[in-house]
Amino acid sequence: MQKTYYCPLKTNRRVDDSAGTTPYQRVDSLTWTQAERKQGKPIKIRGFPKDHKVKLFRVASAARRTAYVVTNDHAQNDSSVVQQVCHQRWKIEPFHREVKQVTGLEKCQCRLARMVRNHIGCAMFVWIRLAQVAYQTGQTIYQVKYRGVADFLRQQLKAPHIPMVIA
């Protein structure tokens with residue numbers, strides 16, 4: 001059984017919806033019938049194997065923005081289901097961004113698999129604790145993280161632990 005994928009396409013990606021009768025064109029320049037807006041349209045993406053077709057959906061994302069999403073599920077005929085999947089998928093993206101920016105996850109220079117797993121585990125524990133404090137205090141994770149850094153810097157500027165003496 002084939003796994004179903006949903007993947008966003010950039011607006012400048014070249015596709016063909018004419019079964020080879022017209023040249024490839026940008027995905028944002030395709031014409032859509034009312035039925036295709038609801039049920040999607042089969043396309044071929046430039047650079048993919050000759051017989052590999054996917055189904056393209058035009059989905060309303062943020063305010064006045066359109067996202068193009070392809071799936072390998074040719075039986076999918078409902079754009080609202082695709083929009084719901086994309087909405088759920090988007091919730092994961094801010095999480096990845098927060099974990100990388102707040103915990104230093106991407107700065108791991110370990111080479112051994114066990115050390116990488118330990119680093120990821122520690123980063124997750126840090127993120128969970130920051131998220132708990134942020135929820136309890138009504139702040140963002142970024143405010144919680146940098147509040148501690150700002151307090152430490154203020155303290156060090158008032159009374160440094162290591163005095164800077166010029167000899």
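The values are calculated or read from the model by the stated rules, or taken from the named source; none is laboratory data. From a predicted model like this one, the values you see are computed outputs, not experimental measurements. Because the Cβ atoms are built from the backbone with ideal geometry, glycine has one as well, and the counts that use them run over all protein chains shown.
Here are the numbers for the structure shown:
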quantity: Residue that is modelled with the highest pLDDT, among those in segment 49-75 that are surrounded by fewer than 18 Cβ atoms within 10 Å (Cβ to Cβ) and of a type in the set (S, T, N, Q); calculated: N72
quantity: Top-ranked residue of segment 1-34 - restricted to ones that are of a type in the set (G, A, S) and in a loop (DSSP other than H, G, I, E, B), ranked as surrounded by the most Cβ atoms within 10 Å (Cβ to Cβ); calculated: S18
quantity: Conditions (1) assigned to a helix (DSSP H, G or I); (2) over 30 Å from G121 (Cα atoms): number failed by E106; calculated: (2)
quantity: Contacts under 6 angstrom Cβ, first residue in segment 82-111 being of a type outside the set (V, I, T), partner surrounded by 12 or more Cβ atoms within 10 Å (Cβ to Cβ) and in a helix (DSSP H, G or I), 6 or more apart; calculated: E98/I141; L105/V99; L105/A123; E106/K100; C108/H119; C110/V116; C110/H119
quantity: Any chance V116 is surrounded by 10 or more Cβ atoms within 10 Å (Cβ to Cβ), within 30 Å of L130 (Cα to Cα), assigned by TED's automatic domain parsing to the domain that holds T140 and modelled with pLDDT of 85 or more; calculated: yes
